[in-house]
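Following: one structure in structure tokens, then a few remarks.
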Amino acid sequence: MSTPPATSPDGRPPDSPPSDTPAGAVARLRATFRTGRTRPLTWRTEQLTGLRALLTGHREEIAAALHADLRKPRAEADLAEVDFTVREIDHTLRNLEHWLHPEQVPAAALTRLPPGTSAHTRHDPLGTVLVIAPWNYPVQLLLVPVAGAIAAGNTVLAKPSELAPACSALLARLLPQYVDPAAIAVLEGGGETATALLAERFDHILYTGNAGFGRAVLRAAAEHLTPVTLELGGKSPVFVDRGVDLGTVAARLARAKFANAGQTCVAPDYLLADPATARALEGALERAVTELYGPDPARSRAYGRLVDERHFDRVVALLDSGRTVFGGRHDRADRYIAPTLLAEVRPDAPVMREEIFGPVLPVVEVTGLDEAIAFINERDRPLALYAFTEDGHARRRLAEETSSGGLNFGLPVAHLGIPELPFGGVGESGSGRYHGRWSIDTFSHRRACLDVPLD
Ligand code: NAD
């Protein structure tokens with residue numbers, strides 16, 4: 001009688017599911033975690049260094065994949081995907097040892113403890129983490145959470161978006177060459193794969209995408225009592241106060257809104273301004289857009305495209321929501337929609353009923369700050385709230401009387417690039433946070449430790 005082999009050819013125990021199925025991949029990552037090899041600082045820094053080498057060594061291929069998926073301009077591919085992720089990794093490599101130090105706390109207890117008692121907290125890895133990423137920044141939004149999960153000592157399963165197939169395939173091919181494949185796995189696929197993965201038990205899930213799938217993630221996670229970080233979207237408002245330098249405002253707004261053809265979760269979604277400011281902004285914004293993309297953005301190499309026909313049709317249907325100041329041109333065969341400014345938009349217009357996630361900027365007129373704050377508070381809490389104002393009192397009121405994932409005065413989107421700041425939403429725009437040491441908190445268990453002498 002022959003004895004069965006102890007393991008299958010790829011190192012799995014006999015009868016275990018293959019590693020390229022959700023169940024098999026998770027079982028393999030769990031087994032790796034149990035060996036303890038992901039815990040030492042050296043393993044973590046080696047993986048982060050490997051990720052960094054992947055990004056810097058394949059800059060051209062990454063840019064080509066982003067171009068194929070989204071016609072992403074080269075400058076955006078470098079800045080918002082490769083360099084952004086590299087800077088996040090460098091920041092983590094510089095600080096990780098310090099972040100992981102146990103934190104001593106005073107051992108003053110409710111009951112008397114013997115002299116020599118000490119108390120501290122430590123960051124323990126959680127185990128196996130699932131990262132589900134969307135298509136709009138398919139490199140950054142997959143690899144920054146993966147880097148955080150690795151830095152915290154976990155094994156990770158990364159699920160890229162099927163709507164960015166070139167990036168998904170590239171990362172699935174490259175990652176095993178640069179990081180420990182027994183600890184960091186990629187599983188490609190769409191909703192079916194996501195659903196199959198969510199049937200498995202993870203120790204944490206970080207999901208980035210729309211709130212509809214977000215609900216499915218929460219429901220599935222509830223079965224296993226798995227904690228979830230939800231990085232969702234929403235309508236991020238911009239309040240433009242009277243009397244600000246509209247040339248500067250328009251230049252900063254145009255760059256933040258029309259990058260990636262408006263498909264940015266923290267893009268300014270709509271403007272709130274009094275009628276005179278709104279009118280004066282029209283010319284300033286048109287000049288800013290021409291400055292960025294020339295007289296015909298369709299011919300500009302600096303301007304992207306909508307990701308697919310479904311999103312194209314969805315955004316085109318919003319174009320009639322107000323008076324078109326500039327833009328409005330579109331071409332389905334090219335998935336092109338011009339940078340578009342809509343004025344005198346009514347609060348109940350179609351463009352104000354959903355996250356735009358495309359290159360259309362509506363302006364809603366308000367009488368001033370009071371009405372702007374009321375308008376914001378009547379709606380879902382946004383991922384970001386932006387304001388251009390020189391008035392300290394207005395800033396304080398916006399900070400104290402509203403709620404949003406991030407609050408940014410003066411340079412929309414830029415708060416994401418500061419790794420010391422947490423990135424995440426609140427309420428309908430998400431829950432939890434990551435980036436820098438906030439990723440370590442998210443992907444760790446803060447363990448309470450007490451040490452009482454025996455004598
Ligand atoms: P998407 O269609 O790529 O979906 C996101 C991920 O969910 C993909 O990996 C997809 O395969 C997966 N998925 C599909 N079906 C699923 C299911 N039934 N259950 C669970 N997961 C499933 O991307 P999207 O949702 O169109 O992304 C755009 C949205 O994401 C916008 O609302 C945007 O604001 C938001 N977003 C948020 C952030 C952030 O950091 N907060 C960043 C980018 C995008």
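The values are calculated or read from the model by the stated rules, or taken from the named source; none is laboratory data. In this text the structure is predicted, and so the values were computed from the model without any measurement. Using ideal geometry, Cβ is built from the backbone for each residue, glycine included, and neighbour counts are taken over all protein chains shown.
For this structure, a couple of remarks:
- Only residues that are part of a helix (DSSP H, G or I), of a type outside the set (A, V, I, L, M) and within 12 Å of the ligand (Cβ to nearest atom) were counted across region 108-148, and they come to 2.
For every residue, the table says whether it meets (1) closer than 30 Å to Leu100 by Cβ; (2) surrounded by fewer than 18 Cβ atoms within 10 Å (Cβ to Cβ); (3) in the same structural domain as Leu48 (by TED's automatic domain parsing).
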residue	(1), (2), (3)
Val144	yes, no, yes
Leu171	yes, no, yes
Thr195	no, yes, yes
Phe213	no, no, yes
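- Close Cβ contacts (under 6 Å, 6 or more residues apart or on different chains) running from residues in region 241-259 that are in contact (Cβ under 8 Å) with a residue 40 or more places away in the chain to residues that are among the aromatic types (Phe, Trp, Tyr) and not in a helix (DSSP H, G or I) comprise Val244/Phe388; Val249/Phe388.
- Residues being within 20 Å of Trp43 (Cα to Cα) and in contact (Cβ under 8 Å) with a residue 24 or more places away in the chain are represented in region 185-199 by at least one member.
- Taking region 311-359 as the range and being among the aromatic types (Phe, Trp, Tyr) and over 19 Å from Lys72 (Cα atoms) as the test, only Phe326 passes.
- Sole residue being surrounded by 14 or more Cβ atoms within 10 Å (Cβ to Cβ), in contact with a Gly (Cβ under 6 Å, 6 or more places away or on another chain) and under 30 Å from Pro297 (Cα atoms), chosen from Leu416, Leu383, Leu411: Leu383
- Total residues in region 161-198, condition part of a loop (DSSP other than H, G, I, E, B) and within 11 Å of the ligand (Cβ to nearest atom): 8
- Considering Leu421, Leu416, Leu383, the condition of being without any contact (Cβ under 8 Å) to a residue 24 or more places away in the chain, within 16 Å of the ligand (Cβ to nearest atom) and closer than 20 Å to Val238 by Cβ is satisfied by Leu421 alone.
- Residue match in region 300-315 (condition: in contact with a strand residue (DSSP E or B) (Cβ under 8 Å, 6 or more places away or on another chain), among the aromatic types (Phe, Trp, Tyr) and closer than 15 Å to Ala338 by Cβ): yes
- Taking region 56-76 as the range and being part of a loop (DSSP other than H, G, I, E, B) and within 22 Å of Asp308 (Cβ to Cβ) as the test, the residues that pass are Arg71, Lys72, Pro73.
- Elements of the type strands (runs of 3 or more DSSP E) sitting completely within region 351-455 and holding at least 3 residues that are farther than 30 Å from Leu281 by Cα and over 15 Å from the mean Cα position of the chain (by Cα): these cover 444-451.
- The selection criterion, being of a type in the set (A, V, I, L, M, F, W, C), crowded, with 17+ Cβ neighbours inside 10 Å and more than 14 Å from the ligand (Cβ to nearest atom), holds for Ile89.
- From Leu271, Leu318, residue being farther than 21 Å from His67 by Cα, among the aliphatic types (A, V, I, L, M) and under 23 Å from the mean Cα position of the chain (by Cα): Leu271
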